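Visitor: Please see the structure below; I have some questions.
What follows draws every value from the coordinates through simple rules; no lab data is involved. Keep in mind the model is a prediction, meaning the values are calculated, not measured. Every residue, glycine as well, gets a Cβ built from its backbone with ideal geometry; the counts of neighbours run over all protein chains shown.
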Amino acid sequence: MWNKKDKHLTTDSSSLDPRIDALEALEAKGTEQTATLSHGLNVVSSDRATPAKWDFEGRHVVNLVPSFDSGLWHLHTNATKSSSRKVVITTPSGVGRDTSDIKINAKGNTTYTFSLNATNIDYSIQQNDSSGSEIGSRLVGYISSKSVTFTTDSNAVQLLLRIGNSVNSTSLASFEDITLVEGSTAKEYVQGIKPVVNPIVKNSGKNMIDYKNFLNTSAPYKQESNGFISLDNFANSSATIEVDFIKQQEYTISALGYVDSSSGNTKALVMRFIDANGNSTSTSGYNALNFNTDTSPTTRTRTVTAPADAVKLAVYVLSQNTGKIFIKDVMLVAGDASNLPQSFEPHNPSYQVIKSSFYGDGTVNDTAYQDANGQWWKNKKWEHVVLDGSYDYSVNQDYTGYKRIRTAIDSNSKDSVGQLVEDNGIVLRQTGLADTVGTFNVYGGYVYINLEDSKTGWGETYTPTVQEMKDYLSSHPLNLLYQLKTPIQEQIESEGELQLHEGLNQVEVSEGVVVKEKAHPYYASNYNAYYINHDTMVEDQSEEKGAGMLSSPVKTIVSLYENNKLKKFTTFYATTNVMGIKISESDFDTDATYYVTYIAMDYETAYNKNSSIEYVRSLRDSHDELVDRVIDHGEQISMDKWAIVELYAKLKAYREGGN
């Protein structure tokens, strides 16, 4: 073995030169690196600016608990539905528990995980057999038990879920996002069966903030002719730019600024971390770049670690009392000050969204890939169809109290693998024979469904016609998900390209993005404005509510386009907390076409949890690290590898100006 005391460069320089040239070419090309991404925000380090290839797998979540809009919940008289996912008990009676309940289809000898978000709530889960009698052990939980895993009795076919306020309590209580899934792991809240819909990966950009957005806030900012943005006599912290962040991650903010007079009043650019109560966090909450005494343009910088209790990061400018503050070239980067660019870089995020839905049960998962021509394809292993009046049905068997009907779906469907959800959110159980109420089966290219006579109204001995079955399914469509025996390749659309910059990249994995959906603005003459996605306004000549509604429930409006040009907009919330867009009549072009990009409510999609990116990493760092370990710090290596280290060392010396 060779060690530090034996180090020397014995190889003749002239013989190294051709190999050094080859190594320099190889270093320029780089090598592929893979970074695994979790759902949400991630930090990825890159030693160069480079495109990144995104890989992910499909995933679907099946929530067995219907929403509060299903009509299946028996709510206590003191319980009020505040949304499809939340119930509030504002004034509990204080006697026992004000309990609401629902019955859920279940399978025997099966592991389930129950979870919810709740305040001052107790719950119980009772198992019933086919006669409706209680069997097995009853599960009882309290607010400290946010999730619990249990296994049903072998004869269980139904679960009775009861939820109410803590016993004898008069305090406000609430419960929301109730989830029951098969398996031993709690999952995110969805309604019914949801796949990963329109997954997206975003890089915040080297500079994570576009300070020109200050001009779009309610504060009286002014764009000055010298390129600075000014603010005079405005000390309200409500006009902010919000920035996504990772807890415990280091961030650095920098800006060029000055004041028109050194008055001693607060003139600052503020980076404020806010806790769940709306207050500044106890540590590192208020972080200011103070320009109080800077009467000429001065660059100020501050590095802060995001507190563990922060839920929001707001950036804003304060201009206390009279006198202007002037701000320019604001930059916010992940990491310490060494990650700041040498000169100002504008906000330049990148993203890639794949416009399709991706299913997966953890073993068999849809995937996406790009061919040599850049076209995106889905390796599709699951199929979702809506069973409605467009299918032809036949009665396969008539049982006491229910009938089994069937329809052809797909010769490529795999037997006895699938999920079926009624229009009210009830998930039917899959059984091999589909010979009990509330069950179905996929077999031989057909789906068999047991429909209860009391629901269909067909009567005990009545045989419905094909048209009657089509009519019933038109009014009560079923969502069927089944696995394909042989995957098929389906062409799909993609938008954007993910780019990494040199240094630390804040990369977010998300889903539910709807890109440039054509909008239908609705004119409200009493407000002299046009509205998009106003769920309580009545349409012209119609009793139906919903003005200019978008196709999916909206969580966040991302952008508005007038034809193909980005347009400023004002958001509003209607009475049911639906986000929409308001455009003043004077700012509306009746000849234009409007498009909206938005993020759908999270219950409309499963999380994209199985994701990674591939990108090119320079070989130079690896080579220099090896030289440092062996030549400078004496790490021992075998003799046959010494010549390689000598070559790397010579190359490093050439780059650093040696001979």
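Visitor: What translational diffusion coefficient, in µm²/s and rounded to a whole number, does the Stokes-Einstein relation yield for the stretch 80-157 at 10 °C and a viscosity of 1.306 mPa s, taking the hydrodynamic radius as the Kirkwood radius over Cα pairs? Spell out each step's value before the answer.
Guide: Values: Rh = 14.2 Å.
Reported coefficient: 112 µm²/s.
Visitor: Using the Cα centre of the chain as the reference point, and only Cβ charges (+1 on K/R, -1 on D/E), how large is the resulting charge dipole? Debye, rounded to the nearest 20. Working shown, then result.
Guide: Values: 59 positive and 81 negative charges, 222 e Å.
Taking the Cα centre of the chain as origin, the dipole is about 1060 debye.
Visitor: Quick one: what does P(r) look like for the stretch 164-207 with 10 Å bins over all Cα pairs, in whole %?
Guide: Pairs per bin, as whole percents: 17, 27, 26, 19, 9, 1.
Visitor: When the Karplus curve 6.51 cos²θ - 1.76 cosθ + 1.60 is applied with θ = phi - 60°, which whole-Hz ³J(HN,Hα) does each residue of the stretch 341-346 get, with x for Gly and Pro?
Guide: With the stated coefficients, the stretch 341-346 comes to x, 5, 9, 4, 10, x Hz.
Visitor: Just to confirm a number: summing +1 for Lys and Arg and -1 for Asp and Glu over residues other than residue 310 whose beta-carbon lies under 10 angstrom from that of residue 310, what do you get?
Guide: Charge balance in the 10 Å sphere: +1.
Visitor: Projecting each Cα onto the charge dipole of the stretch 169-314 (Lys/Arg +1, Asp/Glu -1 at the beta carbon, about the Cα centre), which of 245, 278, 175 comes out farthest on the positive side?
Guide: The residue sitting most towards the positive pole is 245.
Visitor: While we're here: Run the Debye formula on the Cα coordinates of the stretch 297-445, all scatterers equal and no solvent, and tell me log10 I(q)/I(0) at q = 0.10, 0.12, 0.14, 0.16 1/Å.
Guide: Results for the stretch 297-445 at q = 0.10, 0.12, 0.14, 0.16 Å⁻¹ read -0.69, -0.77, -0.90, -1.05.
Visitor: Please enumerate, by chain and number, the lysines with C-alpha under 16 Å from the C-alpha of residue 267, excluding those fewer than 8 residues away in the same chain.
Guide: 222, 324, 328
Visitor: Report, largest value first, the span of the C-alpha coordinates of the stretch 407-523 along each principal axis, in whole Å.
Guide: Largest first, the stretch 407-523 extends 72, 48, 24 Å along its Cα principal axes.
Visitor: Oh, and also: How large is the convex hull of the C-alpha atoms of the stretch 290-348 per residue, in Å³? Intermediate values should be presented prior to the final figure.
Guide: On the way: hull volume 7.7 nm³, N = 59.
Once divided by residue count, the hull of the stretch 290-348 is 131 Å³.
Visitor: How large is Rg over Rh for the chain, taking Rg from the Cα atoms and Rh as the Kirkwood inverse mean of 1/r across Cα pairs? Walk me through the intermediate numbers first.
Guide: Details: Rg = 30.9 Å, Rh = 29.7 Å.
Dividing the radius of gyration by the Kirkwood radius yields 1.04.
Visitor: Let me ask something else about it. Going by alpha carbons, how many degrees (0 to 90, nearest 10) lie between the helix axis of 13-29 and the longest principal axis of the chain?
Guide: In the chain, helix 13-29 runs at an angle near 40 degrees to the longest axis.
Visitor: So what does log10 I(q)/I(0) come out to for the stretch 138-192 at q = 0.13, 0.16, 0.26, 0.31 Å⁻¹, using the Debye formula with one equal point on every Cα and no solvent?
Guide: One equal scatterer on each Cα of the stretch 138-192 leads to -0.43, -0.64, -1.37, -1.55.
Visitor: In the stretch 43-107, how does Rg compare with the Kirkwood Rh, expressed as the Rg/Rh ratio over alpha carbon atoms? Kindly include the intermediate steps, with their values, before the conclusion.
Guide: On the way: Rg = 22.0 Å, Rh = 16.4 Å.
Here the Rg-to-Rh quotient is 1.34.
Visitor: Something else now. On a 31 Å Cα-Cα criterion, which of the cross-link pairs 378/567; 568/609; 202/582; 194/470; 146/455 come out too long?
Guide: Over 31 Å apart, Cα to Cα: 378/567; 568/609; 146/455.
Visitor: Across every pair of different alpha-carbon atoms, what Kirkwood hydrodynamic radius in Å does the stretch 99-233 reach?
Guide: Values: mean 1/r = 0.0524 Å⁻¹.
Kirkwood radius, the stretch 99-233: 19.1 Å.
Visitor: Just the number: Rg to Rh for the stretch 180-273, Cα atoms, Kirkwood Rh, two decimals.
Guide: Working: Rg = 20.6 Å, Rh = 17.9 Å.
So for the stretch 180-273, dividing Rg by the Kirkwood Rh gives 1.15.
Visitor: Against the longest alpha carbon principal axis of the chain, how many degrees, from 0 to 90 and to the nearest 10, is the axis of helix 642-655 turned?
Guide: For 642-655 against the chain, the angle is about 70 degrees.
Visitor: Further question: Helix 466-475 against the longest principal axis of the chain: what's the angle in degrees, Cα atoms only, rounded to the nearest 10?
Guide: 50
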